[in-house]
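The values are calculated or read from the model by the stated rules, or taken from the named source; none is laboratory data. What you see is a predicted model, and the numbers here were worked out from it, not measured in a lab. We place every Cβ from the backbone using ideal geometry, glycine too, and count neighbours over all the protein chains shown. These accessible areas exclude ligands, DNA and RNA; they are computed on the full protein's heavy atoms, side chains included. Shrake-Rupley method; radii C 1.70, N 1.55, O 1.52, S 1.80 Å.
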Amino acid sequence: MLYTVPSLALIILLIPIFGLNANSVIVAMVIYTQVILVRSLAVGLQSIKPSVLEAAKGMGMNPWQRWWQIQVPLVLPVFLAGLRVAAIVAVAIATIGAKFGAGGVGTLLFDGIAQGRFDKIWAGAIVVSLLAFAINGAILTLEWATSPARRIQSTIKQKQKLDRISQAG
């Protein structure tokens, strides 16, 4: 329900509590990102079929082994997708936060708007965009690296390569 409140309105609602400073912006970022992260973790955990966990239990895995060897690898892609969204939302809120005295890369953008200087507006917009693209790309790379499907395909290719070597020798 908190996510339905626009970030600008939330920051304004937090000003009487935390003041017109970076604290209001940080609290708003934490609230928004936590909603996204908790939701993505819950969806990821719910997406694991109970039969998979039962099979792991039947193979003799204890709860700790099921968590690290089954649940974490299966939840990770969904959670990282949520982390990617949360990180971009944090960049957006931090940018808006410059208007409330929080500083950061949004300062250049809002100074340009206040001064009517398009060079500052463009520079601020480009810096914020580059930051968002860089964070997005880094987390996408992490998603790719931890993808269970990619790891399975890699394992199959390695086994096929070993089979070819053993058949040749």
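Brief remarks follow.
- Modelled label reach - LEU140, point 7 Å along Cα→Cβ, the stretch 69-89 residues with backbone N closer than 16 Å: 80-89
- Volume of the convex hull of the stretch 70-158 (Cα atoms only), normalised per residue: 88 Å³.
- Measuring nothing but protein heavy atoms, the accessible surface of the chain at 1.4 Å probe radius is 70 percent carbon and sulfur.
- The stretch 137-145 - phi-based ³J(HN,Hα) in whole Hz, Karplus 6.51/-1.76/1.60, Gly and Pro as x: x, 5, 6, 4, 5, 5, 4, 4, 5
- The stretch 30-87 - Rg and Dmax from Cα coordinates, angstrom: 13.0, 40
- Helix 7-18 axis, angle to the chain major axis (alpha carbon atoms, nearest 10°): 70
- In the full protein context, the chain carries 64 Å² of accessible surface per residue, based on a 1.4 Å probe and ignoring ligands, DNA and RNA.
- The stretch 80-124 - convex hull of alpha carbons, volume per residue in Å³: 60
- Taking the helices alone, the chain has a mean residue ellipticity at 222 nm of -27000 deg cm²/dmol, built from -39,500 (n - 2.57) per DSSP H run of at least 4 residues and averaged over all its residues.
- The chain: C-alpha gyration tensor shape, a/c 1.5 cut-off, then a/b vs b/c: oblate
- Take each peptide in 36-48, 84-96, count the other Cβ atoms within 10 Å of every residue, and average; sorted highest first, the result is 84-96, 36-48.
- In the chain, a dipole from Cβ-located charges (positive for Lys and Arg, negative for Asp and Glu) runs towards its positive end, and of VAL105, ALA42, SER129 it is ALA42 whose Cα lies farthest in that direction.
- Note on the stretch 57-117 and the stretch 139-169: Cα centroid distance 29 Å, given to the nearest whole angstrom.
- Rounded to the nearest 10 degrees, the inclination of helix 22-46 to the longest alpha-carbon principal axis of the chain is 20 degrees.
- Computed over the alpha carbons of the stretch 100-139, Rg followed by Dmax gives 11.2, 35 Å.
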